[in-house]
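These notes concern the structure reproduced below.
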Amino acid sequence: MTEMIGREVIKPAIGRIITISQNGWGFISSKEIKFTRIFFHWTALKQNTVPFLELKVGMKVEFTPIKLADKGYRAIHVRVLETKESDASVSSSEMSPLPE
């Protein structure tokens with residue numbers, strides 16, 4: 001499903017959660033948007049997905065990336081694709097946590 005935001009057509013992307021804060025935000029890494037950590041807020045989770053407090057680093061997610069002026073990318077419409085921890089194979093270099 002593609003989405004129209006303004007005049008730009010936005011395609012969903014796939015990534016993995018790399019950081020989760022207990023304050024209600026996190027970051028996603030995606031091969032489709034290289035060298036970027038994509039911010040997401042708990043309010044960006046779709047209603048039919050895993051609740052924020054059950055998210056885990058390494059979970060595979062689908063999201064719609066939007067680029068905000070002077071802030072970089074932000075993920076909206078975030079939906080968990082894989083919930084099994086065994087499916088969430090992420091190297092330790094991709095999971096480096098950010099300081100809170």
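The values are calculated or read from the model by the stated rules, or taken from the named source; none is laboratory data. Predicted model, so just to flag it, every value in this text is computed and none were measured. Every residue, glycine among them, receives a Cβ derived from its backbone with ideal geometry; neighbour counts consider all protein chains shown.
So which residues in the range 23-60 are assigned to a helix (DSSP H, G or I) and over 11 Å from Val78 (Cα atoms), if there are any at all? Steps first, answer last, please.
First, the residues of the range 23-60 that are assigned to a helix (DSSP H, G or I): 42-44, 52-54.
The answer is Leu53, Glu54.
Please go through the range 64-76 and pick out each residue that is assigned to a strand (DSSP E or B) and within 14 Å of Thr36 (Cα to Cα). It would help to see each step written out before you state the result.
So the first thing to find is which residues in the range 64-76 are assigned to a strand (DSSP E or B), and the list is 64-68, 72-76.
Pro65, Ile66, Lys67, Leu68, Gly72, Tyr73, Arg74, Ala75, listed by residue number.
Any idea how many residues of the range 38-53 are surrounded by 17 or more Cβ atoms within 10 Å (Cβ to Cβ) and closer than 16 Å to Lys67 by Cα? The number of residues fulfilling the criteria is 4. The numbered conditions (1) at pLDDT below 95; (2) surrounded by 16 or more Cβ atoms within 10 Å (Cβ to Cβ); (3) among the hydroxyl-bearing types (Ser, Thr, Tyr) are all true for Ser29 except (1).
Filtered by the rule that a residue be of a type outside the set (Gly, Ala, Ser) and either under 12 Å from the mean Cα position of the chain (by Cα) or closer than 16 Å to Val50 by Cα (or both), the range 11-30 gives Pro12, Ile14, Arg16, Ile17, Ile18, Thr19, Ile20, Gln22, Trp25, Phe27, Ile28.
Give the residues of the range 58-100 that are among the hydrophobic types (A, V, I, L, M, F, W, C) and modelled with pLDDT under 55, sorted by residue number.
First, the residues of the range 58-100 that are among the hydrophobic types (A, V, I, L, M, F, W, C): 59, 61, 63, 66, 68-69, 75-76, 78, 80-81, 88, 90, 95, 98.
Those that are among the hydrophobic types (A, V, I, L, M, F, W, C) and modelled with pLDDT under 55: Ala88, Val90, Met95, Leu98.
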